[in-house]
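Below: the structure, in structure tokens.
The values are calculated or read from the model by the stated rules, or taken from the named source; none is laboratory data. Just so we're clear, the structure is a prediction, and the values are computed from it rather than from any experiment. For neighbour counting, all protein chains shown are included, and Cβ atoms are generated from backbone atoms with ideal geometry for every residue, glycine included.
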Amino acid sequence: MAKVSKNELGKGIRALLGNTAEDSATTVASPTASIALNQIETNPFQPRSDFDETALQELAESINTFGLIQPITVRRLHASQYQLISGERRFRAAKLAGLTELPAFVRTANDQEMLEMALVENIQRHDLNAIEVAISYQRLIDECDLTHESMSQRVGKKRSTISNYLRLLKLPPVVQEALVTGDLSMGHARALLALDSDLLQLSLLKTVLEKGLSVRATEAMVRQHSVDDSANTQTKPEVNPFTRDLEDHLSKFLSARVKVKRTKSGKGSVQINFSDDDDLNRILDMIEGN
């Protein structure tokens, strides 16, 4: 996976929270107000449920030494009570460090905005597996009524990237679990998605895990299954090597099954298979270079 710069990672959060220096009209307190910990309650919309205790203790020790460098973000519930929007890990570590007050940005936000902010912040984490990212994207669509375009702007990702993650949720649960545990990579999963049958996906998953196949080897195996499947259902005319290589190249590039038909005169057509509208949008984004 390509490395993402610090500025790019923060783009989605900044789009939601705004620039505090320029957006003072929506704040209800100083950009870095000092708030007592006992006046702050956790976010009920927090999509993250697991916090590594060792990592929290390490962060607490860092806070003891250097203080809390990055303020948390809260919303005011009433005169003396606040609710976390983002920064629960820092909030928990600050408690472990024995802090009684925290610097915080105070924002106005309704429940819908709270959920959206929490989900977007969750997506920006480095330690998420692919299924966790996909689930967060799906929740933004289902619960926050976001389109792929608006979500792309909020999280700073291409629409094709978002579509690729969402497609993972169509895999059988066993394949998804392999992604969660790290036994399967995103590249392997994308290759399996080109197969129409859940049973075939599970069969190939077993082979990939038992033989430790690379992504490239998995893609080749998927292509071979697709060829064998076509051969079993119809009598196929002989395809010249150039056309077969072109089909293989396009299938790999688009992560979709591609069929190239050519006449003796050189005319022809290219058929690209897609599973649904999201998959079609992903393919169009790749063709357009977005």
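Would you confirm whether any residue within segment 247-257 is modelled with pLDDT of 85 or more and in a loop (DSSP other than H, G, I, E, B)?
The answer is no; no qualifying residue exists.
Does residue 163 satisfy the criteria of being within 28 Å of residue 248 (Cβ to Cβ), surrounded by 21 or more Cβ atoms within 10 Å (Cβ to Cβ) and within 14 Å of the chain's Cα centre (by Cα)?
Yes: the conditions hold for residue 163.
In segment 258-274, how many residues are at pLDDT below 80 and surrounded by 15 or more Cβ atoms within 10 Å (Cβ to Cβ)?
Our first condition is that a residue be at pLDDT below 80; within segment 258-274, this holds for 262-266.
Subset that is surrounded by 15 or more Cβ atoms within 10 Å (Cβ to Cβ): 262.
So the answer is 1.
Just checking, does segment 196-213 include any residue being of a type in the set (Lys, Arg), at pLDDT 85 or above and surrounded by 15 or more Cβ atoms within 10 Å (Cβ to Cβ)?
no
Hand me the list of strands (runs of 3 or more DSSP E) wholly inside segment 59-158 holding 1 or more residues that are more than 15 Å from the chain's Cα centre (by Cα), buried (at least 17 other Cβ atoms within 10 Å of the Cβ) and of a type in the set (Gly, Ala, Ser).
Output list reads 81-86, 101-107.
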